[in-house]
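K.L.:
Before I ask anything, let me first share the structure, which is written out below as structure tokens.
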Amino acid sequence: SKVDQLIVGGGIANTFIAALGHPVGKSLVEMDLLDTAKQIMADAKARGAEVPVPEDVVVATAFAADAEAIIRDVADVREDEMILDIGPKTAARYAELIGKAGSVIWNGPVGVFEFDAFGNGTHTLAEAIATSGAFSIAGGGDTLAAVDKYG
């Protein structure tokens, strides 16, 4: 009840995507938390807040640095694919929300940024946070590694 926007990406976003009834293929998803994700979105909406969920994603059929990165609408993820990053439309939308924020608490990358083909979402958000006027806190080992990578 303390946030206006709860932006989800990375593995947790898959649970929210699945909670909305979209396919997630071979992606990591916590099926036992689908109802919790639905409740979080409903609670946010009831107080005029939002939990924006990715509208497009970057997928691959293998978890590898050299895997082909394919941009898909969340409704079009195939059974043999896994979501490895947020898509460019989602990254732009999230960056816009960050630009309007008074404060940002960032915990966790939104994609497998260690593989360049799946790092654009995290790079876009890192840049948005760095150039925003918001008070910002970044925490967690993976988040700090992303900050180091993207400056």
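The values are calculated or read from the model by the stated rules, or taken from the named source; none is laboratory data. Nothing here was measured: the structure is a model prediction, and the numbers come from that model. Here the Cβ positions follow ideal geometry from the backbone for every residue, glycine too, while neighbour counts run over all protein chains shown.
K.L.:
From the set of residues in segment 50-68 that are within 20 Å of TYR94 (Cβ to Cβ) and surrounded by fewer than 16 Cβ atoms within 10 Å (Cβ to Cβ), which is modelled with the lowest pLDDT?
P.N.:
GLU50
K.L.:
Given (1) surrounded by 12 or more Cβ atoms within 10 Å (Cβ to Cβ); (2) free of Cβ contacts under 8 Å to residues at least 24 places away in the same chain; (3) not charged (D, E, K, R), where does ALA46 come up short, assuming only one miss?
P.N.:
(1)
K.L.:
Report the residue count in segment 41-73 for those that are more than 19 Å from ILE83 (Cα to Cα), part of a loop (DSSP other than H, G, I, E, B) and within 19 Å of the chain's Cα centre (by Cα).
P.N.:
1
K.L.:
What do you reckon, is ALA126 under 20 Å from ILE12 (Cα atoms), small (Gly, Ala, Ser) and surrounded by fewer than 17 Cβ atoms within 10 Å (Cβ to Cβ)?
P.N.:
No: the conditions fail for ALA126.
K.L.:
Which numbered condition trips up LYS38, out of (1) in a loop (DSSP other than H, G, I, E, B); (2) at pLDDT 95 or above; (3) more than 23 Å from LYS149 (Cβ to Cβ); (4) of a type outside the set (Ser, Thr, Tyr)?
P.N.:
So LYS38 meets the others, but not (1).
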